[in-house]
Amino acid sequence: MITSLEHWSQAPFLDGVTFGSTGSYLRICGVAAGRIDPADPANQNIPWLEAAVRTPSGHVEYRTPFEILRPARAERGNGSLLCEATNRGKKLLFPYLFDAHTQSNLLNATQQLGNAAPLHSGFTLAWCGWDANASPADGGLALDGPAAHEAGKPIVRVVRDEFVSGTRHAILDRFRLSYDAVSLDRGDTVVTVRESRHGAPRKLDATQWRYVDARHIVLLPEGSKPEPGWLYDVHYPAGGAKVLGVGYAVTRDIVSFLRHEPGAGALTGQPVRDCLAVGISQAGRYLRGFVAKGFNRDERGRRVFDGMLVHIAGAGRAFVDDLFAQPFRTRTQHQDCDFPEHEFPFSAALTTDPYSGRSAALLADSACDPLLIETNTASEYWQKGASLLHTDPMAGHDLALPANARAYLIAGTQHDGRPGLSTDRGSCTNPCNPHDPSPVLRALLHALHEWVRHGRLPPDSRVPSISRGTLQLASELAFPRWDGLAPPPACNDIPSPGDWIHPGQPRFRYGVKVCAVDSDGNEVDGVLTPDIRVPLGTYTGWNSYRAPYPQGVLGDRRGSFVAFAHTPGDRCSHQDPRPSLRERYASPQAYIALVQQAAEQLVKERLLLAADASRYVIRAKAHCENPG
């Protein structure tokens, strides 16, 4: 429960800029302090709560920053609270859903809001810290959670960190450990390196690395850099463990406070009629765990979130349930592959786990279940086991989702698809995929709000299907081949949970499948935006690494885009079997008409807003005027 609000302040948002009929907004920032009763059954699913440091009264305490944006004139708001679960402490709502081309936690410029649609619609927005390992830099929201002790003393364990240079971020010049090393004696630490996931690790001797301090390691001789794409494992004695699972209770308690406590009116301006949650990528995985562990019921038995939009989480959860957990990890075919991410149950539908024999569903079939919308891109089918949301655990047959759940594949899109992406290859072989799924997300968020507020059912799920023949093993795909294309490698596996500190071979692997493709290599099922239904090239959710990075494996969560040739002659010179633009579209006007038809159909199906449909047509006209 929340016990106090500390250091909170209120000021006009962006100096009072107005957002349509809603008018101006207020920004409210502060710190919420709370306590958890370990004896309360509502807290029994907090992992390692028994190890948390307690107060003399036997409670566990926490403090977390929060931020709220609400209409300055509360009566102009729509009465809905839209809570974004932060991703590693960051706010991703505006760049991923609302066309902002830059991400900033500070939200100190209008361009960081994109089209600012939720503010124009009168939502009250809220964020709080749930991740005790998140960085507070640049306005990041990090939970100040309880330390973990054993017999009254801080816990020390040998743990493992993994480092890979250049695949997801810039080239590393040092390794930053997730926890403080309690000993800087190099004899207590083992550093190994391997070229690939299945490669044999080679131990680095004491002349090849050193500690800079308790949190950083560098390679020797001085100035040495890690080999690009190679896997460096560090086993070291770590201290400073926190009970990270307390984050579940923090989210529950803050939202429950805002919804039900009389004193919350000073923050929200008016009573909260309903509450939606949005989680993107890691934050979506966190929300899946939040629901699965029963935290959508507060300590007084009330529903916390009425609806949830979980985007690009695949079938995974956030890594918070262990001592010395590392929530920032994200398991892919090459990187972080031995860290825990997938835990049964995967689907909102009831299934039986062939590994454990247990039967369960992500949703509890109770009055406290949220209305759940899960959206994924093609990358989550290739890397994150997204097919497990709607098939049995061995991918033998389709599942019927419960009435309060929907799943959608936004076809032909990569994991971090959003406005403004380039086709730059980066560390990958093929040009990367610039396809933007945000128009579909906006329509589905609108549908979720109508579902919660008015009971209007959202569109039926749109996912590939075993029964329709549109969900296949990656090895069964009939993908076209042409000069210069790196063909799709195998998709990532989804193993049973194992030892992440001293990993071995998985005891069991679940069944995963991907969407079938047409003769162009474009996916044939799910939500097909006008870009995919009336394509200018092939859009995939997979890519592969190029030298000097490990070749023949999936290139993180990136997709590929390969444009169609302009003329039959261009096509033939590259032995490209895909019809050229001139062959498939009789004229620019014919192309524009097809785009308009595809957009209008999605509007009828409530998978696209009318304003976004118009933008597709405008963009198609611009392309025909300047085909590039």
So PRO431, is it closer than 30 Å to TYR549 by Cα, open to solvent by 10 Å² or more (accessible area, probe 1.4 Å) and over 21 Å from the mean Cα position of the chain (by Cα): yes
So ILE46 clears everything in (1) open to solvent by 10 Å² or more (accessible area, probe 1.4 Å); (2) in contact (Cβ under 8 Å) with a residue 40 or more places away in the chain except one condition, right? Which one? (1)
Does ARG27 qualify as being under 28 Å from the mean Cα position of the chain (by Cα), closer than 18 Å to VAL278 by Cβ and open to solvent by 10 Å² or more (accessible area, probe 1.4 Å)? no
Just a yes or no: is a residue in segment 487-502 in contact with a Lys or Arg (Cβ under 7 Å, 6 or more places away or on another chain), within 30 Å of ASP612 (Cα to Cα), open to solvent by less than 40 Å² (accessible area, probe 1.4 Å) and not β-branched (Val, Ile, Thr)? no
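With the structure loaded, tell me whether HIS7 is open to solvent by 60 Å² or more (accessible area, probe 1.4 Å), in a loop (DSSP other than H, G, I, E, B) and at pLDDT below 95 or whether it fails that test.
Working: open to solvent by 60 Å² or more (accessible area, probe 1.4 Å): yes; in a loop (DSSP other than H, G, I, E, B): no; at pLDDT below 95: yes.
So HIS7 does not fit the description; no.
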With on the phi > 0 side of the Ramachandran plot and of a type in the set (Asp, Glu) as the only criterion, which of ASP15, ASP40 stands out? ASP15
What number of residues within segment 293-314 satisfy the criterion of being of a type in the set (Gly, Ala, Ser) and out of contact with any Asp or Glu (no Cβ under 8 Å at 6 or more places or on another chain)? 2
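Please specify each residue of segment 464-486 satisfying the condition of being open to solvent by less than 60 Å² (accessible area, probe 1.4 Å) and among the aliphatic types (A, V, I, L, M). Spell out the reasoning first.
Here is the first cut: in segment 464-486, the ones open to solvent by less than 60 Å² (accessible area, probe 1.4 Å) are 464-466, 469-472, 474, 477, 479-480, 482, 485-486.
ILE466, LEU471, ALA474, LEU477, LEU485, ALA486, listed by residue number.
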Could you tell me how many of the residues in segment 261-300 are in a strand (DSSP E or B) and either among the acidic types (Asp, Glu) or at pLDDT below 95 (or both)? 1
Answer with yes or no whether ALA411 is in contact (Cβ under 8 Å) with a residue 60 or more places away in the chain, in contact with a helix residue (DSSP H, G or I) (Cβ under 6 Å, 6 or more places away or on another chain) and surrounded by 23 or more Cβ atoms within 10 Å (Cβ to Cβ). yes
Mind counting the residues in segment 352-373 that are open to solvent by 10 Å² or more (accessible area, probe 1.4 Å) and outside any loop (DSSP other than H, G, I, E, B)? 4
Which residues, counting only those in segment 162-202, are more than 24 Å from the chain's Cα centre (by Cα), among the basic types (Lys, Arg) and either surrounded by 14 or more Cβ atoms within 10 Å (Cβ to Cβ) or within 19 Å of ARG215 (Cα to Cα) (or both)? ARG174, ARG186, ARG194
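For segment 220-247, give me each residue that is outside any loop (DSSP other than H, G, I, E, B), open to solvent by less than 20 Å² (accessible area, probe 1.4 Å) and of a type outside the set (D, E, K, R).
LEU231, TYR232, VAL234, TYR236, PRO237, ALA238, GLY239, VAL246, GLY247
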Could you say whether any residue in segment 214-230 is β-branched (Val, Ile, Thr) and in contact (Cβ under 8 Å) with a residue 40 or more places away in the chain? yes
Taking segment 108-143, which residues are part of a helix (DSSP H, G or I), closer than 24 Å to GLY265 by Cα and open to solvent by 10 Å² or more (accessible area, probe 1.4 Å)? ALA117, HIS120
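The values are calculated or read from the model by the stated rules, or taken from the named source; none is laboratory data. Given the structure is predicted, the values throughout are model-derived calculations rather than measurements. FYI the Cβ positions are ideal-geometry reconstructions off the backbone, even for glycines, and counts take in every protein chain you see. Calculation scope for accessible area: heavy atoms of the full protein, side chains included, ligands and nucleic acids excluded. Shrake-Rupley method; radii C 1.70, N 1.55, O 1.52, S 1.80 Å.
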